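Encoded as structure tokens, the structure appears first; notes follow it.
The values are calculated or read from the model by the stated rules, or taken from the named source; none is laboratory data. These figures come from a predicted structure and were not determined experimentally. Positions of Cβ are backbone-derived with ideal geometry, glycine not excepted, and every protein chain shown enters the neighbour counts. Just the protein is used for accessible areas: all its heavy atoms, side chains included, with ligands, DNA and RNA removed. Shrake-Rupley method; radii C 1.70, N 1.55, O 1.52, S 1.80 Å.
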Amino acid sequence: MERYSFLPKTFFSRTLRLLVLALLFAGAAFAQSNERTVSLTGYVKDKSTGETLIGAVVSVKEAKVNSSTNAYGFFSATVPQGSYTVAVRYIGYETIEKTVTLNEDLVLNLAMSETNTQMKEVVVTSDKTNRSLQSTQSGVVTVPMKAVKQVPALLGEADVVRTIQLLPGVTTIGEGAPGFNVRGGGVDHNLILLDEAPVYNGSHLLGFFSVFNPDAVKDLTLMKGGMPARFGGRLSSLLDVRMKEGNDKTYSASGGIGTVASRLLVEGPIKKESSSFIVAGRRSYADMFFGLFNDSTLNDTRVYFYDLSAKVNFKISETDRLYVSNYAGRDVNKIGDDVNMNWGNRTTTVRWNHIYNSRLFSNTSAVYSDYDYMMGMSGEDANSFEWKASIVDLSLKAGWSWYVNPSNTIHFGGDAIRHQFRPGKARPLGSTSAFNEIYMPEQLAYDYAAYWDHEAKLGKRFNLQYGLRYSGFQVVSASDQTLFEYAGDAGKRKLPVNPTEYGKGETIKWYHNIEPRLAVKYDLTATSAIKAGYSRTAQNLHYVSNTAAATPLDIWVPSSLNIKPELADEISAGYFYAQRDNIWEASAELYYREMKNQIDFISGAELLLNRNLEGDMLFGDGRAYGAEFMVRKNSGRLNGWVGYTLSRTERKIGGLNNNEYFAAKYDKTHALSLVGMYAVKPRTLLSASFSLSTGTPVTVPHSRFDFEGFPVQYGNGARNNFRQEAYHRLDLSATFRGKNPPGRRYQSEFVVSVYNALNRKNPYTTYFRPDEEAGNKTEAVRYSVIGMAVPAVTWNFKF
């Protein structure tokens, strides 16, 4: 078995010494007091629906102990015996206080009421205790779903991913580009979880919408760096999306009818206050209008997406809860009788929460994820074919949280994942087809991980969170096959050498990585803190794409005989401020990340159905560094945020650009975002967002020659040697809410929006072609996906 590490031994040994030192300090915290203590535990819920609330702050005032509810709404606080005032705070909810006497362990379930004044119905209200200031980690952003629904969106569809693209450190190639880029990482460097299930393609309609139905989402958290040890598998970030659990008090429905799609959600109790369900569906319907045209091709065209989310939960006992959630979504693109492309995600998660005692909580999950995609040409002619590919994951996770005492919480556990890759199979459809059946061998891999994570409070001002994650990756032969190594000159196609036979089920390669994580926080005052962190991450699943922006038809491949794990090391530091009432907050962060084993491709690489794909791959280093600034107003008639990022993202690939660093294809030096929401009247809200960023790099050909009358352009080995025009976009929306007095079940609102209100033709990419009118010279052509203002109207309802 091979251990693969890119860090110098001196660096790694220093990191280990730092972790050992942290362990010694934390050990002192364990032994801080022999005083008799008791535990206060329970769940925090929404009073009207029974939904658990994630990240609610539970404070035991006299003991000066704060605890936050976890991803399942559970909290635990350990204090000396005595009488206390317990306060619970959560954004958008009325603060509650209770007086309790703690002579023994106590279970206290708390129910919170939403703020119900008409003004606050359309304003993002503040939480008296700032979650980002309390957290030890930097780079963690939680976005309230109310804010997501108020940010102007394309064609009136509130969108999770488009909202986080307005945060500092997060960028995208442009309209029509799936996914997002975080701190210099590619779209595949982000782990997207929906109720703990990985989502491999988070976009509908080639990137215009995300797969998450906003009506069904309860909470979303973005970790831009410094992930705790319990998370892994990707280099850059984690987007953790949690679905609603359903109203266990009464039945209700909500939804919306918009310009491009309609939504409907139904929820209610299976058994009141002990079990509930939620079902949410969404479908676009632009294709339904194609039949109105007198064009046979348009009549047979189908371009739409749909998704269905469902979840049930059961309170089995006071210590056991069971959750089952499911998602299914698909994009269908059928043009006439010929071209057909479709892709989709399916996930299922079964989770069991168990409370062993007042200080030990566990979660066990079984997860299924399937992402499949296909394209083809129908008919009986010689060009008809069908190509399919997929990746299927089966995983089992187990994690424990041990609330040792007021100053120490330990998380530990592990997971195992089985990855099955079907890189592609093409078969002829017509009897006269010129194609023979082509297929890529299936690939099989097993992902193993174990982690230990410790949160410690050392004194009144100093917080420490450190941990260690082990990741093991086993590549297994799915069938009897012959594999090759590849040799050749840097930057050119390599040839297969050293053939080796592997039998079905035989291990091809093992990779092992140790991933230390460390985060520290020092409270300067009650309203400000400085934070710093270090993290090492490893990634064994790789996205194969050589285009400016990824497409749903790009394939995933595992680490293999020739593809080593991608590795990254990041250090970060920042200053965080929040007013006592949390009306204003601000932050400034610096980061530096080094990456190894970054993947690129030779010019003219063949990515689909290429058995020697690894011979077309190039490998090298990457680095990203920058500064992120954010000022945010959380409450009042006017609220929103301003974010700015100054950054650089570079790659150094053998055989390209004279083996020197060059700008990555998603590098943006400057990125500015402004988001504002203003309550003109109690039932009228105006919203606007403005984005401005440096243009992305593209490759300009160096010269051209003619081959049999056809112009052929080629470069001089320089990648991304030209930068496109700057990108900017203004989006506007207005929300008009009906009269919804307290106690009235029926509510409705109209949302009028304009996407790209300045009619800006932002460049998506630039390509080059002969200009026949100018003597057949080469001309640059700027391609814009959305080059005009796009208005929309949406009617939302709830009853």
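Values as computed for the structure displayed
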item	result
Gly225 being in a loop (DSSP other than H, G, I, E, B), under 14 Å from the mean Cα position of the chain (by Cα) and farther than 22 Å from Leu590 by Cβ	no
Within region 84-117, considering residues that are out of contact with any strand residue (DSSP E or B) (no Cβ under 8 Å at 6 or more places or on another chain) and surrounded by 13 or more Cβ atoms within 10 Å (Cβ to Cβ), the one modelled with the lowest pLDDT	Asn116
Top-ranked residue in region 364-379 [being over 18 Å from Asn326 (Cα atoms) and touching a residue at least 40 places away in the same chain (Cβ under 8 Å); ranked as farthest from the chain's Cα centre (by Cα)]	Gly379
Condition met for Glu585 (open to solvent by 10 Å² or more (accessible area, probe 1.4 Å) and acidic (Asp, Glu))	yes
Enumeration of residues in region 209-238 that are of a type in the set (A, V, I, L, M) and either open to solvent by 10 Å² or more (accessible area, probe 1.4 Å) or within 22 Å of Gly622 (Cα to Cα) (or both)	Met223, Met227, Leu235, Leu238
Residue list for region 764-799, filter: surrounded by 12 or more Cβ atoms within 10 Å (Cβ to Cβ) and modelled with pLDDT of 85 or more	Ala789, Val790, Pro791, Ala792, Val793, Thr794, Trp795, Asn796, Phe797, Lys798, Phe799
Filtered residue count, region 653-691, keeping only those that are surrounded by fewer than 22 Cβ atoms within 10 Å (Cβ to Cβ), touching a helix residue (DSSP H, G or I) at 6+ places or on another chain (Cβ under 9 Å) and more than 26 Å from Val642 (Cα to Cα)	0
Region 606-646, residues that are under 30 Å from Ile438 (Cβ atoms) and basic (Lys, Arg)	Arg611
Test: residue in region 196-204 that is in a loop (DSSP other than H, G, I, E, B), over 25 Å from Gly139 (Cβ atoms) and of a type in the set (Phe, Trp, Tyr)	no
Residue in region 697-739 that is nearest to Phe662 (Cα to Cα), counting only those that are of a type in the set (S, T, N, Q) and at pLDDT 90 or above	Ser733
Odd one out for Glu157, checked against (1) surrounded by fewer than 23 Cβ atoms within 10 Å (Cβ to Cβ); (2) more than 26 Å from Tyr625 (Cα to Cα); (3) more than 15 Å from the chain's Cα centre (by Cα)	(1)
Selection within region 486-499 - in contact (Cβ under 8 Å) with a residue 24 or more places away in the chain and either open to solvent by less than 80 Å² (accessible area, probe 1.4 Å) or of a type in the set (Ser, Thr, Tyr) (or both)	Tyr486, Gly488, Ala490, Gly491, Lys494, Pro496
Residue check for Ser572: touching a Phe, Trp or Tyr at 6+ places or on another chain (Cβ under 6 Å) and open to solvent by less than 50 Å² (accessible area, probe 1.4 Å)	yes
Qualifying positions in region 741-754 - touching a helix residue (DSSP H, G or I) at 6+ places or on another chain (Cβ under 9 Å) and at pLDDT 90 or above	Val751, Val752, Ser753
Qualifying positions in region 67-83 - touching a residue at least 40 places away in the same chain (Cβ under 8 Å), open to solvent by 20 Å² or more (accessible area, probe 1.4 Å) and in a strand (DSSP E or B)	Ser68, Pro80
Those residues of region 361-376 which are under 20 Å from Glu196 (Cβ atoms) and surrounded by fewer than 20 Cβ atoms within 10 Å (Cβ to Cβ), in sequence order	Ser362, Thr364, Ser365, Ala366, Tyr368, Asp370
Residue that is nearest to Val241 (Cα to Cα) [pool: residues in region 333-347 that are in a strand (DSSP E or B) and open to solvent by 30 Å² or more (accessible area, probe 1.4 Å)]	Arg346
Sole residue being among the aliphatic types (A, V, I, L, M), buried (at least 20 other Cβ atoms within 10 Å of the Cβ) and over 26 Å from the mean Cα position of the chain (by Cα), chosen from Leu613, Leu609, Leu638	Leu613
Region 586-599 residues that are of a type in the set (Lys, Arg), paired with ones that are open to solvent by 30 Å² or more (accessible area, probe 1.4 Å) (beta carbon under 9 Å, 6 or more apart)	Arg593/Ile571; Arg593/Arg623; Arg593/Tyr625; Lys596/Phe6; Lys596/Lys564; Lys596/Phe619; Lys596/Asp621
The lone exception for Arg683 - which of (1) modelled with pLDDT of 90 or more; (2) basic (Lys, Arg); (3) closer than 30 Å to Ala153 by Cα it fails	(1)
Residue list for region 161-179, filter: outside any loop (DSSP other than H, G, I, E, B) and closer than 12 Å to Ser210 by Cβ	Val161, Arg162, Thr163, Ile164
Hits in region 449-482 (condition: in contact with an Asp or Glu (Cβ under 9 Å, 6 or more places away or on another chain) and open to solvent by 40 Å² or more (accessible area, probe 1.4 Å))	Ala450, Lys460, Arg461, Phe462, Leu468, Tyr470, Ser479, Asp480, Thr482
Residues located in region 575-604, provided they are in a strand (DSSP E or B) and aliphatic (A, V, I, L, M)	Ala578, Ala586, Ala588, Leu590, Met595, Ile599
Residue identified as in contact (Cβ under 8 Å) with a residue 24 or more places away in the chain and over 30 Å from Thr645 (Cα atoms) among Thr527, Thr537, Thr507	Thr507
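Residues are listed down the side, and each one gets a yes or a no for (1) closer than 30 Å to Asn658 by Cβ; (2) under 23 Å from the mean Cα position of the chain (by Cα); (3) at pLDDT below 95:
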{"residue": "Asn436", "(1), (2), (3)": "no, no, yes"}
{"residue": "Tyr446", "(1), (2), (3)": "no, yes, no"}
{"residue": "Tyr451", "(1), (2), (3)": "no, yes, no"}
{"residue": "Phe473", "(1), (2), (3)": "no, yes, no"}
{"residue": "Gln481", "(1), (2), (3)": "no, no, yes"}
{"residue": "Phe484", "(1), (2), (3)": "yes, no, yes"}
{"residue": "Asp489", "(1), (2), (3)": "yes, no, yes"}
{"residue": "Pro496", "(1), (2), (3)": "yes, no, yes"}
